[in-house]
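Student: Starting off with a structure, shown below.
Bear in mind that the values in this text are calculations on the coordinates, not laboratory data. Everything numeric here is computed off the predicted structure, so don't read it as measured data. Every residue, glycine as well, gets a Cβ built from its backbone with ideal geometry; the counts of neighbours run over all protein chains shown.
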Amino acid sequence: MSDSEIFDRAARRLRRDRAAGAWSAHAFLRDIMLDGIAERLAAVKRRFADVLDLGCADAAFTLPGARLTRVDAGAIFAARAGGIQADEDRTELPAESFDLIVSAGTLDTVNDVPGALTLARRALRPDGLFLAAFVGGGSLPTLRAALREVDPGTARMHPQIDVRSAGDLLVRAGFALPVADIESVPVRYGNLFSLVADLRGMAASNMLRDRHPLHRSTLAELAAAYAARADADGRIPERFEVIYLTGWAPSPDQPKPARRGSATARLADALQQGVE
């Protein structure tokens, strides 16, 4: 493990294995991501024969008529899906093997996101499509505010990628016609522990390399600070920001991008390219 890595790879695998048992009870956010990916995929009028589900979890992503290869960092998820256990930034994928790669809910906890995106781009055939979704910058603002209040200066939350940086990462990885967009998902919780249960259930609890458990007294203060932010109905408003990425493996017959700064790519244009 490199000293520069943010996340504990072993802890990440363990979190996913522990979440596998009751996954369906906490998978609402990934379900939303898969719906968003399906909407974007529906705009592309072409057939995808070979598809990689990168970070497959419970293998909920399906595409009729396609040959699906599934990869997950968790051993249990990978085994149940009949797939391969591997970290997204350490997958040994044959070059130009897939027409489509999808990734829902995992890139925000990958140590080397540029490396993972580059590996995905290399694994795509020319004019192949990459679609991803993950939790991005601005998520969990209520929890972050409560943590700043009771435990300032301590890193207990994962660093987050904002939508602009996400688009830059696609460019850096060599994708053509890159698009990054964002969707806000508001949620409400009765207390801190309901949120924590969801985070654990979706394998999103703390997996930083430099992590330390909260003392019982600090946890009680955090629960009180979180509860103090409840609305008139006694529920605590929270929010997840979901970032969607769309990129194409370069191909000579693709439309050429406009001069930098001269226009803003539209999601519909990026999805529709190369359809005819």
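Student: Which is the longest run of the chain containing none of the trypsin sites (Lys or Arg not before Pro) found in DSSP loop states (not H, G, I, E, B) with at most 10 other C-beta atoms within 10 Å?
Tutor: Within the chain, the longest run free of exposed trypsin sites (Lys or Arg not before Pro) spans 48-258.
Student: Just to confirm my numbers, what's the Cα centroid distance between segment 187-259 and segment 118-141 in Å?
Tutor: 18 Å
Student: Still on this model: Anyone know which of Asp99, Asp17, Asp151 comes out most mobile in the 10 Å Cα GNM of the chain?
Tutor: Looking only at Asp99, Asp17, Asp151, the biggest GNM fluctuation is shown by Asp151.
Student: For Ala25, project a label point 7 Å along Cα to C-beta. Then give me every residue of segment 161-195 with its amide nitrogen under 18 Å of that point.
Tutor: 189-195
Student: For segment 36-74, list residues with backbone N below 19 Å from a point placed 7 Å from the Cα of Asp253 toward its Cβ?
Tutor: 44-50
Student: Mind putting a number on the dipole of segment 69-228 about its Cα centre? Charges go on the C-beta only, +1 for Lys and Arg and -1 for Asp and Glu, and I need it in Debye to the nearest 20.
Tutor: With Lys and Arg at +1 and Asp and Glu at -1, about 340 debye.
Student: Based only on other Cβ atoms within 10 Å, what is the fewest-to-most ordering of Trp248, Trp23? Display every interim value, and only then the final one.
Tutor: Numbers: Trp248 24, Trp23 19.
In increasing order of surrounding Cβ atoms, one gets Trp23, Trp248.
Student: Could I ask something else about it? What ranking do Thr142, Thr218, Thr246 get, fewest neighbouring Cβ atoms within 10 angstrom at the top? Intermediate results must be reported in sequence, preceding the final value.
Tutor: Working: Thr142 20, Thr218 15, Thr246 25.
Placing the least packed residue first, the sequence is Thr218, Thr142, Thr246.
Student: Here is a follow-up. Roughly what angle does helix 192-201 make with the longest principal axis of the chain, taking Cα atoms, 0 to 90 degrees, to the nearest 10?
Tutor: The angle comes out at about 40 degrees.
Student: Taking other Cβ within 10 Å of each residue's Cβ, how do Thr154, Thr106, Thr118 sort, fewest first?
Tutor: If I rank by nearby Cβ atoms, fewest first, I get Thr154, Thr118, Thr106.
Student: Around Leu34, what is the net charge, scoring Lys/Arg as +1 and Asp/Glu as -1 over all other residues with Cβ under 14 Å from its Cβ?
Tutor: Net of charged neighbours comes to -3.
Student: Under the rule of -39500 (n - 2.57) per DSSP H run of 4 or more residues, summed and divided by the residues of the chain, what mean residue ellipticity at 222 nm is obtained, to the nearest 500 deg cm²/dmol?
Tutor: On the way: 9 runs with 91 residues, N = 276.
That comes out to -9500 deg cm²/dmol.
Student: Rounded to the nearest 20 debye, what is the charge dipole size of the chain about its Cα centre when +1 sits on each Lys and Arg Cβ and -1 on each Asp and Glu Cβ?
Tutor: Once rounded to the nearest 20, the dipole reads 80 debye.
Student: Also, quick follow-up: Where in segment 210-227 is the amide nitrogen less than 14 Å from a point lying 7 Å along the Cα-to-Cβ axis of Ala10?
Tutor: 210-211
Student: Now a separate question. Take the alpha carbon atoms of segment 72-94, find their center, do the same for segment 1-54, and report the distance between the two centers in whole angstrom.
Tutor: So the separation of the two Cα centres works out to 11 Å.
Student: In addition: Counting just the Cα atoms, what span does segment 139-197 cover along each of its three principal axes? Round to the nearest Å and put the largest first.
Tutor: For segment 139-197, the Cα extents along the three principal axes come out at 43, 26, 16 Å.
Student: Now for a different question. Taking all pairs of different Cα atoms in segment 6-158, averaging 1/r and flipping that mean, what Kirkwood radius in angstroms comes out?
Tutor: The Cα-based Kirkwood calculation yields 16.5 Å.
Student: Would you mind estimating how fast segment 109-165 diffuses translationally, via Stokes-Einstein at 25 °C and 0.890 mPa s with the Kirkwood radius over Cα pairs, in µm²/s?
Tutor: 176 µm²/s
Student: Could you check the spin-label model distance between Gln85 and Ser97? Points 7 Å from the Cα along Cα→Cβ, value in nm.
Tutor: With each label placed 7 Å out from Cα toward Cβ, I get 1.8 nm.
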